[in-house]
Amino acid sequence: MNQRITITKLRRMKEEHQPISMITAYDYPSAKLAEEAGIDVLLVGDSLGNVVLGYDTTVPVTLDDIIYHTKAVRRGAEHTFIVADMPFMTYGIGRESTLKNAARIMQEGGAQAVKLEGGIDMVEDVSALVRAGIPVMGHIGLTPQSVHQLGGYKVQGKLEQEAEQLMKDAKALEEAGAFSIVLELVTEPLARAISAELSIPTIGIGAGRGCDGQVLVYHDILQYSSPYINKRFVKTYADIGSAIRTAIGSYVADVKGGVFPEEKHSFPMASEKLNQLYGGSADQQVPAHTEQREEPKPRDPVSNPN
């Protein structure tokens, strides 16, 4: 088993131009499989709202949701660096509340770091968390918790003013003590420029080839959803959704057709043991001690008030 990644190792990976791999995970089996595959960082993202819980956005995801799923991921990936999202309105609402909520994610969930969305406007929260000993990953560009304010899922940084602001946000987060920053749906030239300006690693999702690492959603790279919606920035590596649907369909057909279970799926019992239990033989369909009841006679329709 590889030694767990630390924030120091992540910075060194940037310095040595070693790309960082990160993927979302929301439960024990996905975390375990990702760790076995050699992933560097696991993100318990609030994207679980869309992917696992069936919400249209990440906004309904609660702190308890994140803690619950982080605990499961920690059990599956004991040797992997885990970052957990701070959900909508669990930060930026007062320093004391932010610290308490982040502490719960660390203490109860078992994460090694938290991630929060926002740039310059979140600098005070980031600084407070870092001073309290909580590693913080920033997140700028498309920030899903603010999707309604942004007017939808749009690429960020196309306009000069947007690009300048995102650069300022990134530098401010680094100065506040963030150990890494996610750049989501940011134009590739801007993401490359931000990555070059910062000493901390950038993790891109839909931000092109210039970032220090990449993150994708577990269910996206496996097409593990129905219906699956293609995304330009995602590369799929397997169509698990179709395989699951086909497999379950085959199971349903076998059950309804009497094909499953077969003899090999059943457990035999010595006939004398069965006789001791039921006083009959193994091929009897009804135990001997069970009374055979007569079928009830139909009621006289005249006498039935209903």
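The values are calculated or read from the model by the stated rules, or taken from the named source; none is laboratory data. In this text the structure is predicted, and so the values were computed from the model without any measurement. With ideal geometry, Cβ positions are generated from the backbone for all residues, glycine too; neighbour counts draw on all protein chains shown.
Could you tell me whether any residue of region 28-45 is free of Cβ contacts under 8 Å to residues at least 12 places away in the same chain and among the hydroxyl-bearing types (Ser, Thr, Tyr)?
No: region 28-45 contains no residue that is free of Cβ contacts under 8 Å to residues at least 12 places away in the same chain and among the hydroxyl-bearing types (Ser, Thr, Tyr).
Among the residues of region 157-194, count how many are free of Cβ contacts under 8 Å to residues at least 60 places away in the same chain, of a type outside the set (A, V, I, L, M, F, W, C) and surrounded by 24 or more Cβ atoms within 10 Å (Cβ to Cβ).
1
Can you name every residue in region 159-187 that is under 25 Å from the mean Cα position of the chain (by Cα) and acidic (Asp, Glu)?
Matches in region 159-187: 184 only.
Does residue 124 meet the test of being out of contact with any Leu (no Cβ under 7 Å at 6 or more places or on another chain), surrounded by fewer than 15 Cβ atoms within 10 Å (Cβ to Cβ) and without any contact (Cβ under 8 Å) to a residue 60 or more places away in the chain?
Considered against the rule, which asks whether it is out of contact with any Leu (no Cβ under 7 Å at 6 or more places or on another chain), surrounded by fewer than 15 Cβ atoms within 10 Å (Cβ to Cβ) and without any contact (Cβ under 8 Å) to a residue 60 or more places away in the chain, residue 124 comes out as yes.
Whether any residue in region 150-165 is aromatic (Phe, Trp, Tyr), at pLDDT below 95 and either over 19 Å from residue 42 (Cβ atoms) or not in a loop (DSSP other than H, G, I, E, B) (or both) is what I want to check.
Yes.
Taking region 96-130 as the region of interest, how many residues are assigned to a loop (DSSP other than H, G, I, E, B) and either outside the structural domain of residue 28 (by TED's automatic domain parsing) or of a type in the set (Gly, Ala, Ser) (or both)?
Qualifying residue count, region 96-130: 3.
For the list (1) at pLDDT 95 or above; (2) aromatic (Phe, Trp, Tyr); (3) surrounded by fewer than 10 Cβ atoms within 10 Å (Cβ to Cβ), I need the number of the one condition that residue 237 fails.
Status for residue 237: all satisfied but (3).
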